[in-house]
Each structure stands twice: as C-alpha cells, then as structure tokens.
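Derivation of every value follows stated rules applied to the coordinates shown; laboratory data play no part. For clarity, every value in this text was computed on a predicted model and none was experimentally measured. With ideal geometry, Cβ positions are generated from the backbone for all residues, glycine too; neighbour counts draw on all protein chains shown.
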Amino acid sequence: MQGRTLLVASLPILAIACGEPPPPAPPPPPPPPSATVSEPVAAPTTPPPPPAPPEPTAEEKKKAEDAKQLAADREKWQEQQKAEAARLTPEIRSAIKALAEKGYPNGKAAVQAMMASKHRRPANAARDAQRHPLETLELFGFQPTMTVLDIGPGEGWYTEIVAPAVAKKGKYVATSADPNGPADARPTFYANRWKGFLEVLPEAYGKAETLVVDGKAPKLGGKPTFDLVLLMRGVHGMKNAGTFDAWLAEIHAALKNGGVLGIEEHRSLDGANVDEVAKKGYMPEKWVVSTVEAAGFKLAGKSEVSANPKDTKDYVEGVWTLPPTLRLGDKDREKFLAIGESDRMTLKFVKIAKKDDAKKPDPKAPAPKAPAPKK
C-alpha cells in the first residue's frame, strides 16, 4: 500500500523528466466588486425642448391688454399733471383764489365768473359751447350757498366751475374710489387722478371734500345733507354695473327734502333695448325718468340745451366714438368732430319726502311754544 502511494506522488516528477509540459495553472480569481473597471459611457444626448406654453385664454389676453392700457394712461396723466402745474402761474393762482373767496349774489353770477377764469384747463373751457354749463346749472337751481354732491366727477370738468363757486358760502363734495386701492385696478387710477387734480390747485379746490365710495356697494352716509346732487353722464355706467337702484336709494337718503337731483345723460333712441344701448353709453330718456321717479323723485324740469340731432347713436365703439374721447383716433376724425358731442338729456328731479320723513320734525325749526296756563 505504501509503495502504491509513492508511485502516484512521483508521476509529476517523472513527467518533467520525460520532457512533457506541466499541466496548466488554474485561472486567476475574478476581480473583487470593489475593483475599478472602466465601463463604456453612453454618449451625451440633448434633452428635448420644453413644451410650448399654452395659448392664453381670451380672459388672460383681455387682462394683459387692460394692464398695458392702464400703464399708458398713468404715464399720460403724469405728463399732463406736470404740464398743468407749469401752466398755473402765480397770477392765475392769485386770481382764482380771489374769486373763490368772493361772495356772489346768485348762481348765475358765480358760474359766469368761474367760466371766464383762466384757472380752467383750456381744453375744458373750449367745450362750453357743447356742454352749456350755465344753462344746465340754472335748470338745476344752483346757488353758491348750496351743499353740492358731485357723483363721479371724472377729470373735474364741472368741479372747475362749481367747487370755487361754493367755496365761500357753500360746500362741494365729490365721490371717489379709494386712492390706496390695488395699484392694478382702474378705479384706483381714477382716484389717484382725482386726488392729483385737487392738489395741483388748492387755491380753487382747497375746501373741496372727497367722499370715498365703493362703486359696487355705494353708501353716502344716509343723512339728508345735500341741496343738489349732480349725476353727469354716469347713469349708463351704473346700469351696466347693476347698481343704479342702489345709487338712487342712497342719493334719496342724502338729499334734503325738496333737494334736487340733476342728471345729464347720453340719450338713445326711444324704445331701444336698455341693456344693449347702456353698453354703448346711451340710455332711453323715458326709462331714466320712470326709474328715477320710482325711487322717490319727481321730474321737475328738463332742457334740450344739450340736444344734438347729428348724433346717429349707431357707432361700433358707442358714444366714445364722438368727441372728446374719439376712440377711433384719426379714423374719420373730421367726421366725428363735425358731429360733435353726443345728444344728451338734461333732467331736473326733486326729492319727494317719504311719509316717515314727513312726520319727523325739522331740526332747524324753532321749538314750539308751551301753551299758556289756563286761568
């Protein structure tokens, strides 16, 4: 057994001795996982382009257009404000200050003095022939001793006349949106413009007051404070906003018994659809009269002083096609200038006291005397 073992052990030696190659060595073990082995790297690829943004909706387009127009209007107003401040020389300021501190025997004298004053913007004074402020205010019974509320004074066309006319013995108040409202809101811009209008000429408007009102939910205080309320070319806007009835209720409460609501409004054809023509800036006269009277007023007078038979009232851009807006720019400009401003109704309404108001004692009336004691 021992000899067999020796024979097997000696076979490799015997093979070498006989010149045969040794058996192949075993293969090396595979590299451990941690060994660094360079692997092929994929070639870089260009990422796909981002998807195109969705097309803006009609509402988004309108919002962008409105924002652009608002920015342009602000810039234009700021330039106009600078020009106006430069136009108002010390001589003009001194002259209107003297007029505002003067007493006038009646409304006509006060209005005529203000119409002739150089404190008015020249473009505004040039429109007197089409706006007829003297005749309009005479119809409304204007007096320099009145407390007047101007609803939506716009850029101050009537303010130039009325505010300094009542500065000594009366009071002028105008409604406005909040000038500290959202900067991207158009009512805020209008409020800023109004504030700037008053501040540029304190000699004329230093005593004027502003009543901040939310146009969507108007509130005028609820106390019978005013002798005259002016609503000049504002009815169509209230109708479009669905607030005309609310405004009338507030105006009725704010007027003294027997107080006057004076309305000037662009006049549509009789029988026109109220909702449709209001969007164009016009209103049917019969509808205005019936609606105001239903709110507790009585038509007490009317005038055709601002009637214009040349106004066809059928413009694509509505009443704003005509001067002073001329929304179409240079297109048919001479044609629309020849037509002139719109055909307008001029209406005087008087507040009718409600039964409850009639029972209330007049706070200004003297106290009744005590009955004499019986003898």
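With θ taken as phi - 60° and the Karplus curve 6.51 cos²θ - 1.76 cosθ + 1.60 applied, the whole-hertz 3J(HN,Hα) list for segment 244-259 is 4, 4, 5, 4, 4, 4, 5, 5, 4, 5, 7, 7, 5, 4, x, x Hz, x standing for glycine and proline. In this structure, the amide hydrogen of A174, modeled 1.01 Å from its nitrogen in the peptide plane, lies closer than 5 angstrom to those of D150, E209, T210, L211, counting only residues at least 5 positions away or on a different chain. Spin-label model, E91 to E60: label points 7 Å out along the Cα-to-beta-carbon direction sit 5.8 nm apart.
So which GluC sites (Glu not before Pro) in segment 59-154 pass both tests, a DSSP loop state and at most 11 other Cβ atoms within 10 Å of the Cβ? Before the final figure, lay out each step's value.
Details: sites: E59, E60, E65, E75, E79, E84, E91, E101, E135, E138; in loops: E101.
The qualifying sites are E101.
Derived scalar couplings between HN and Hα for segment 139-156 equal 4, 6, x, 4, 9, x, 9, 7, 9, 10, 10, 9, 8, x, x, x, 9, x Hz in order, rounded to whole Hz, by the Karplus curve 6.51 cos²θ - 1.76 cosθ + 1.60 (θ = phi - 60°), x for Gly and Pro. Using the Karplus relation 6.51 cos²θ - 1.76 cosθ + 1.60 with θ = phi - 60°, the per-residue 3J(HN,Hα) values for segment 165-180 come to 5, 9, 4, 7, 10, x, 7, 10, 10, 10, 7, 7, 6, 7, x, 9 Hz, with x marking Gly and Pro. If r is the Cβ-Cβ distance from K207 to N106 and R0 is 30 Å, what FRET efficiency results, to the nearest 0.05? That pair, K207 with N106, gives E of 0.90. Amide H contacts of F297 (H built 1.01 Å from N, in plane; Pro and chain starts excluded): I352 sit under 5 Å, all sequence-distant by 5 or more or on other chains.
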